[in-house]
1. Could you tell me how many of the residues in the stretch 234-255 are surrounded by fewer than 10 Cβ atoms within 10 Å (Cβ to Cβ) and over 22 Å from VAL291 (Cα atoms)?
2. With LEU137, LEU182 as the choices, which residue is in a helix (DSSP H, G or I) and at pLDDT below 80?
3. Please work out if ALA264 is within 22 Å of MET82 (Cβ to Cβ), modelled with pLDDT of 85 or more and surrounded by 11 or more Cβ atoms within 10 Å (Cβ to Cβ).
4. Just to check your reading of the model, which residue among LEU270, LEU300 is surrounded by 16 or more Cβ atoms within 10 Å (Cβ to Cβ) and touching a residue at least 60 places away in the same chain (Cβ under 8 Å)?
5. Would it be correct to say that GLU281 is exposed (fewer than 12 other Cβ atoms within 10 Å of the Cβ) and among the acidic types (Asp, Glu)?
Amino acid sequence: MDNVDVETAEGYETNADVEDTEVSEQPSMRDALAKSLNMEEEQAAVEMQVKAQEEPEAQEEVQVEEQAAPVERIPLVPPSDMNKLEKEAFTNPTPENAHILQQYLNRRAYETRSDYQRKIQEVEQLKAQTSGLFDTLRQYEQDYAKQGISIADIAKRSVAWDKAMQTDPVTTAIEWLESYGLSVEDLATGIQPQADGYPQQQPSNYLTREEAERIAEEKLAAVQQQQQQSAVAYYNERAVESFMSGKPLFKDPETASQLEAEMAPIVQALTNTGRYSSPEEILETAYNYVVAGNPTFSSLNKAMAVKPAIEQKQAAVQKAKAAARTISGSAGTGTPRIQVKDIRDNLRRRMSGE
């Protein structure tokens with residue numbers, strides 16, 4: 001009987017222990033909240049570490065791309081006054097041939113300074129020679145300006161009359177008198193001039209209708225011809241500007257000047273043939289002829305033609321790199337985090353496996 005009681009008591013104790021164990025194993029609400037918060041903190045810490053590791057990688061990629069970007073170098077034609085050695089150094093500059101370019105720059109600086117000083121001396125000499133004549137004519141500049149005559153016209157007329165008097169004095173004297181409305185008979189009769197210094201001129205004869213119409217037609221034709229020439233000149237100028245803007249060889253001033261010098265006689269010859277209907281066609285033909293016949297221009301033109309293809313290839317590589325970074329999940333990419341309103345919403349999502 002006692003044994004039965006003991007076993008029964010032990011059985012009760014065992015059941016009680018099992019119940020206590022089961023009750024203790026069930027998590028409380030507080031433990032679940034603490035566990036959830038700890039998980040969030042751990043996840044946030046992991047995300048921060050991953051982001052911190054990815055940012056240096058992204059910065060390194062940007063730095064590598066910036067360092068790898070090639071420096072744009074426009075091909076240039078060596079100046080025409082360079083010798084063979086200087087042209088080679090200009091085309092392929094290296095530290096070993098830098099002194100050649102320095103010597104060329106020093107020589108050009110000396111030549112430019114000497115030429116400037118020589119020009120200044122010539123200007124001073126011309127000023128000393130013409131200052132006396134200019135000072136004399138300037139005294140009467142305003143009087144002649146009222147009549148529409150410039151100082152240059154005064155000097156030309158004076159020299160012309162003097163030369164004519166030396167060549168044929170009689171005829172020149174008669175023409176000189178007639179230009180002022182006088183004749184030899186007027187000198188013999190002693191006619192007096194008017195108050196303004198000139199004798200009274202005979203009234204001019206009126207023009208007939210045919211003469212007036214002819215003069216008007218001549219003036220109209222001259223005006224129309226001048227307008228047509230101005231329009232053609234303007235069109236040609238615009239055509240040249242448009243043509244030069246579309247050719248890469250004209251971007252460098254020195255290259256453009258040498259190319260223009262070689263194209264000028266060809267353009268003139270093609271224009272004189274009359275076989276071309278537009279200035280664009282003439283310029284294109286002359287340009288192709290010069291570029292194909294000059295090895296320097298030909299090599300530069302080929303190098304500039306290859307440049308757009310290289311730029312397209314570089315753009316494709318950059319696009320592929322950007323796509324690769326997007327797929328690999330670098331900084332700023334990937335699935336965004338789910339925004340939650342409160343802790344209860346967060347717990348509900350985690351319990352449901354979202």
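The values are calculated or read from the model by the stated rules, or taken from the named source; none is laboratory data. No experiment lies behind these values; they were computed from the predicted model shown. Neighbour counts run over all protein chains shown; Cβ positions are idealised from the backbone, glycine included.
1. Of the residues in that region, 0 qualify.
2. Result: LEU137 is the single residue among LEU137, LEU182 that is in a helix (DSSP H, G or I) and at pLDDT below 80.
3. yes
4. Numbers: LEU270 fails: touching a residue at least 60 places away in the same chain (Cβ under 8 Å).
Exactly one residue qualifies, and that residue is LEU300.
5. The answer is no for GLU281.
Results for (1) part of a loop (DSSP other than H, G, I, E, B); (2) charged (D, E, K, R); (3) touching an Asp or Glu at 6+ places or on another chain (Cβ under 6 Å), shown as yes or no for each residue.
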position: LEU76; (1), (2), (3): yes, no, yes
position: ASP81; (1), (2), (3): yes, yes, no
position: LEU85; (1), (2), (3): no, no, no
position: PHE90; (1), (2), (3): no, no, no
position: PRO93; (1), (2), (3): yes, no, no
position: ASN97; (1), (2), (3): no, no, no
position: LEU101; (1), (2), (3): no, no, no
position: LEU105; (1), (2), (3): no, no, no
position: TYR110; (1), (2), (3): no, no, no
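Rundown of residues vs (1) farther than 23 Å from GLU262 by Cβ; (2) outside any loop (DSSP other than H, G, I, E, B); (3) among the small types (Gly, Ala, Ser); (4) modelled with pLDDT under 75, yes/no style:
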position: PHE297; (1), (2), (3), (4): no, yes, no, no
position: LEU300; (1), (2), (3), (4): no, yes, no, no
position: ALA303; (1), (2), (3), (4): no, yes, yes, no
position: LYS321; (1), (2), (3), (4): yes, yes, no, no
position: ARG337; (1), (2), (3), (4): yes, no, no, yes
position: GLY353; (1), (2), (3), (4): yes, no, yes, yes
